[in-house]
Amino acid sequence: MAENILEVKDLVKHYPLTQGVLFKKQVGAVKAVDGISFELKKGETLGIVGESGCGKSTLAKVLMNLERATSGQVLFKGEDISQLSGGALKAVRRNIQMVFQDPYTSLNPRMTVGDIIGEPFEIHPEVAPKGDRRKAVQDLLDVVGLNPEYINRYPHQFSGGQRQRIGIARGLALKPEIIICDEPVSALDVSVQAQVINLLEQLQGEFGLSYMFIAHDLSIVRHISDRVGVMYLGKMVEIGSDEQIYDNATHPYTQALLSAVPVPDPTARESRERIILSGDIPSPANPPSGCRFRTRCWKAQERCSEEIPLLAIPTTLEGPAAHESACHFPEVRESAAA
Amino acid sequence: MNTAVDRTGREAGTPYQGPLLDVRDLHVEFVTRDGVARAVNGVNYSVRAGETLAVLGESGSGKSVTAQAVMGILDMPPARIPRGEIRFRGRDMLKMGKDERRRIRGRKIAMIFQDALSALNPVLSVGFQLGEMFRAHHGVSRAEARTKAVELMERVRIPAAKERVNDYPHQFSGGMRQRIMIAMALALEPDLIIADEPTTALDVTVQAQVMDLLAELQAEYNMGLILITHDLGVVADVADKIAVMYAGRIVETAPVHELYARPAHPYTRGLLDSIPRLDQKGQELYAIKGLPPNLLRIPPGCAFNPRCPRAQDVCRAEVPELFPVAEDDGTPLEGRRSACFFWKETLHDR
C-alpha cells in the first residue's frame, strides 16, 4: 500500500488568452490548474472534490496527457510522463485509463458495444491478439455485470447505468493500473448510483486498481475514498484521510463546502450550523492575490491578500487535525456538523 | 396563513378555504411511434398556501410531466390527458378555456426551471425578459417595466442590479441566472410556485444560497411551493411533506420527518438505504436491483414488483391503491399513505 504509483509535482496548466487575429498577442491566461502536488498510492482511492471551475477535470486531462501540462511533473512509477509523446506516451497511456461523466455522449452511437469496448485493443494489439478479441470483450462485459450476449447491441439500447458499465468495461480493457473516474455517477439516478459504486469497489479489489475519483457529491466521495483532496480555483486547499477531511477540516473552504451539503435527515434541519458563502467563485483568469479563497472567507485578514498560503501540515495543530491544509489560520471548527 | 387566505379570498370574490392546488387522479400519456407511453397514471396531491410539497422521483417517474400538466405547458399532441382534474382554488383548470388558463399561468402559478441558461432567451437582456412579464400581463410601459425589473433583481439580491439590468444571460454565473429565474417567477406575485429541480445544475455552496432565498421568499409571500427533485438531501432541508413517485404513480406520501424515520414503501426504503452512511464505510452500498421500468411496458400489478425484495404473487396481479397508513393499534398517521400491500411490514422493518 505504501508504494506511490503516481506522483504529481507542482503541476500547472494555463490556457492562454489571446487578442487579435493575425499577431495573436497573449493578454493573460486562464489558470485552470495552478501548482498542484499530491501522490496516489498503489491500490488506493483518492477522491478529488471541488465546485465547477475549480480545475478538477482539467487536472484529470493533464494526468491523462490529453492536455499538455504548462509546467510541473507527473511521475508514473518514478518516470515523468508529462512531456512524453509518440510511442512512449502510447505505452504509458495503457496504464492510465479514464471513465467519463456522461454515458450518453462518451459512447459513439454508431458503434456496437463490442466495437466500443474492443477499440482499445486496436491501439494496443499486444493486450489481446486479433483472434481473441471477441472473447476478451465478452469477458469484460461479464466482469461489469452485463450479459455477454449484448456484444452486438448499440448504446441506445441500454439504460444510463448500463452505459456507464460499458464505459467502465472500456476503461478496464487494457488492464490499466490507474483509472481516473471523472464524475462517474453524477449523471445516474439515485437507485442506480449505488450499483455502479459497488461495481467500482468490487473491481478495485479484484484487479488491484488505483482510482482517482473526481466528484462533487461529497457523501459518495467519502464512501469510496481512502484519502480526499479539496480543490478551489486551481489549487489544492486541503488533503488528508477521509476522517481528517470530513471530521477535522481545517481549511475554511472545506468547512463551508461540507456544511452546505444537504443532509438527508430532516431532524438535522435546525441543529445543523450552515456556513453560507457569499458570492461566486472568482474567474480563474484573474484570481485574487494571496489566498484565492480570501474574497469569500470570513476569516480573511491582510496577510491573506499578500501571502499565498502553502499546502503544508500546520505546526500548531495535532492529532487528526494535523494534515496538509493551505490556510494561514487553520483550525478545526467546533460543532462541525457530522 | 391568515393573510394569504384574506388576500386570495378577496381576489376570488368569496373566501376560499380549501387547498390552493388539488390534483386528482391525473393521467398523462404520450403517443409515440412505439406505442403509448403512460407517463402519469393517476396522481393525487394537494398544496396549501405557505406549504412546501416535495415531489421526489427518478428520471422517468413522471414528476416533471405532472408539473407541466399543472402549468399547462405540455405539448398536446404528443401528450394527452385522458382523465383527471387539476383544481386551482377549487376550479378544474382542465375545463377552462385557453384565455382563462393563460391568465392563471404566470400570474397565479409560476414555474422555475432547472436549466436557467436554456430557459432564458440568450439574445434578450435579462431586464427586457423580466420586464416582459409586466408588459404582457399588466400592460405597463417599457420604462416602467425596466424599473420593475431592477426592483425584482434587487429582491433576489443580485448585486449592482441597476448596472446589470441590461446584461445578457450568458454574462451571469449559474447561481445568478437561477436567481433571475426566481425573480421572473415571483414577478407577478403568484400564489403557487413550481420549482423543477431548481438547484440541480448548481454547485453545493451556491445551491445553499439559492434554496435559502427561495424559502425566505416563500415565507414572505406565503406562497405554496412544489419542489420537484431527486435529491433526498434538498428535500430533507426544506419540505413539509413529500410525495414519492415511481413509474407515473405516487407510491408514498408522508410528512417529511416521518418519511425519513419510518418509510412505508419498499421503494422509499431502498432510496434511503442507498445513501452512503458513515458507519458503512468500506462496505457494499445497498442498491435497489434492476432498472426503472420502460413506460411503454409498465409491469402489471405494482410497477415496482420486479425490483422489490418483498414482492409476492398479489403484487404481480393487482395494482395496489394508496392505502392510509396507521399504527398497529389502528391510530391513523395523518397525511401518510403508501401504495404497498405490505406497508405495515415495511413500516416495521427498521
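The values are calculated or read from the model by the stated rules, or taken from the named source; none is laboratory data. Since the structure is predicted, the reported quantities are computational estimates derived from the model, not experimental observations. As a convention, Cβ positions derive from the backbone with ideal geometry for all residues, glycine included, and neighbour counts pool all protein chains shown.
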B:L259 passes all but one of (1) within 12 Å of chain A (Cβ to nearest Cβ); (2) crowded, with 18+ Cβ neighbours inside 10 Å; (3) not in a helix (DSSP H, G or I); (4) not small (G, A, S); which number fails? (3)
Any helices (runs of 4 or more DSSP H) falling wholly within the range B:123-235 and containing at least 1 residues that are within 14 Å of another protein chain (Cβ to nearest Cβ) and closer than 25 Å to A:G279 by Cβ: B:161-164, B:174-186, B:204-221
Taking the options B:G290, B:G233, B:G301, B:G248, name whichever one is of a type in the set (G, A, S), within 24 Å of B:D25 (Cβ to Cβ) and surrounded by fewer than 21 Cβ atoms within 10 Å (Cβ to Cβ). B:G301
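I need the full set of residues from the range A:167-183 which are more than 14 Å from chain B (Cβ to nearest Cβ) and either among the aromatic types (F, W, Y) or under 25 Å from B:G270 (Cα atoms) (or both), in order please.
If the condition is that a residue be more than 14 Å from chain B (Cβ to nearest Cβ) and either among the aromatic types (F, W, Y) or under 25 Å from B:G270 (Cα atoms) (or both), then A:I168 is the only one that fits.
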Residues (more than 25 Å from B:M176 (Cβ to Cβ) and either at the interface with chain B (Cβ under 8 Å from one of its Cβ atoms) or touching a residue at least 60 places away in the same chain (Cβ under 8 Å) (or both)) located in the range A:272-311: A:R272, A:E273, A:L311
When every residue in the range B:49-69 that is away from every other protein chain (no Cβ under 11 Å) and under 23 Å from B:L272 (Cα atoms) is compared, the one nearest to the chain's Cα centre (by Cα) is B:V55
Filtering the range A:191-216 down to residues that are at the interface with chain B (Cβ under 9 Å from one of its Cβ atoms) and surrounded by fewer than 20 Cβ atoms within 10 Å (Cβ to Cβ), which residue is nearest to the chain's Cα centre (by Cα)? A:H216
Check whether at least one residue in the range B:260-283 is within 19 Å of the chain's Cα centre (by Cα), farther than 25 Å from A:N198 by Cα and modelled with pLDDT under 90, and report yes or no. no
Only one of A:V228, A:V261 that is of a type outside the set (S, T, Y) and touching a strand residue (DSSP E or B) at 6+ places or on another chain (Cβ under 8 Å): A:V228
Every listed condition ((1) touching a residue at least 60 places away in the same chain (Cβ under 8 Å); (2) crowded, with 17+ Cβ neighbours inside 10 Å) holds for A:S71 save (2)
Find all pairs meeting these conditions: Cβ atoms under 6 angstrom apart; at least six residues apart or on different chains; first residue within the range B:69-89 and farther than 19 Å from B:G35 by Cβ; second residue assigned to a strand (DSSP E or B) and among the charged types (D, E, K, R). B:G72/B:R105; B:G84/B:D25; B:E85/B:R24; B:E85/B:D92; B:R87/B:D22
How many residues, within the range A:91-113, are of a type outside the set (G, A, S) and within 17 Å of A:L172 (Cα to Cα)? 13
Residue satisfying condition, being more than 29 Å from B:A303 (Cβ to Cβ), out of contact with any Pro (no Cβ under 9 Å at 6 or more places or on another chain) and in contact (Cβ under 8 Å) with a residue 40 or more places away in the chain, within set B:G50, B:G62: B:G50
I'd like the full set of residues that are small (G, A, S), in contact with a helix residue (DSSP H, G or I) (Cβ under 7 Å, 6 or more places away or on another chain) and not in a loop (DSSP other than H, G, I, E, B), limited to the range A:285-337. A:S305
Give the range B:108-120 a look and list any residue that's part of a loop (DSSP other than H, G, I, E, B) and either touching a helix residue (DSSP H, G or I) at 6+ places or on another chain (Cβ under 6 Å) or outside the structural domain of B:I73 (by TED's automatic domain parsing) (or both), or say none. B:F113, B:L120
Residue under evaluation A:Y253, criteria (1) surrounded by fewer than 24 Cβ atoms within 10 Å (Cβ to Cβ); (2) assigned to a helix (DSSP H, G or I); (3) facing another protein chain (nearest Cβ under 10 Å); (4) not acidic (D, E), criterion not met: (1)
Among (1) touching a Phe, Trp or Tyr at 6+ places or on another chain (Cβ under 9 Å); (2) more than 9 Å from every other protein chain (Cβ to nearest Cβ); (3) buried (at least 22 other Cβ atoms within 10 Å of the Cβ), there is one condition A:G240 misses while meeting the rest; what is its number? (1)
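Just one of A:G55, A:G86, A:G47 is at positive phi and either of a type in the set (A, V, I, L, M) or in contact (Cβ under 8 Å) with a residue 12 or more places away in the chain (or both); which is it?
On the way: A:G86 fails: either of a type in the set (A, V, I, L, M) or in contact (Cβ under 8 Å) with a residue 12 or more places away in the chain (or both); A:G47 fails: at positive phi.
After ruling out the rest, the residue left standing is A:G55.
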Do we have any residue at all in the range B:95-106 that's in contact (Cβ under 8 Å) with a residue 40 or more places away in the chain, within 27 Å of B:H170 (Cα to Cα) and surrounded by 14 or more Cβ atoms within 10 Å (Cβ to Cβ)? yes
Filtered residues of the range B:173-202 (kept if in contact with a Leu (Cβ under 9 Å, 6 or more places away or on another chain) and farther than 20 Å from B:V55 by Cβ): B:G174, B:G175, B:R177, B:R179, B:I180, B:A183, B:M184, B:L186, B:A187
Note down all Cβ pairs under 8 Å where the first residue falls in the range A:312-338 and is basic (K, R) and at pLDDT 85 or above, the second is crowded, with 18+ Cβ neighbours inside 10 Å and not in a loop (DSSP other than H, G, I, E, B), and they're at least six residues apart or on different chains. none
